[in-house]
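Worksheet: one structure, shown below.
The values are calculated or read from the model by the stated rules, or taken from the named source; none is laboratory data. Computed from a prediction, not measured in an experiment: that's the story for all the values here. Positions of Cβ are backbone-derived with ideal geometry, glycine not excepted, and every protein chain shown enters the neighbour counts.
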């Protein structure tokens, strides 16, 4: 049996986690944009913003993020340094280590069950 046929036979057995898809791109003036569901990855902020659009993602953000924008539900994000969180969704958990200015990053949150805490 050739490899293509074998893969087609095994495809229904794969879990939805194995089929998770996401795309990350850098957009001038907007920083990094990650779109998709169920991704687990590390992104480097580099003094820009990061936008996460999707559900059930687990991200680690290194470096300084001027802004972390989350549009979706059930995302878990750990950020090293943040200037502002903008959250629109439900059940997101955002953890930060250091604020860019002051003792706490600015926060604009819409939705239910979102948690923003210091690590």
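Numbers below:
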{"item": "Residue match in the stretch 17-35 (condition: out of contact with any helix residue (DSSP H, G or I) (no Cβ under 8 Å at 6 or more places or on another chain), at pLDDT 95 or above, assigned to a loop (DSSP other than H, G, I, E, B) and at positive phi)", "result": "no"}
{"item": "Matching residues, the stretch 77-104, being in a loop (DSSP other than H, G, I, E, B) and within 17 Å of the chain's Cα centre (by Cα)", "result": "83, 89, 90, 91, 92"}
{"item": "Condition broken by residue 47, with the remaining ones in (1) at pLDDT below 95; (2) buried (at least 19 other Cβ atoms within 10 Å of the Cβ) satisfied", "result": "(2)"}
{"item": "Tabulated pairs, the stretch 88-99, first closer than 14 Å to residue 57 by Cβ, second buried (at least 16 other Cβ atoms within 10 Å of the Cβ) and at pLDDT below 95, C-beta under 8 angstrom, 6+ apart or interchain", "result": "none"}
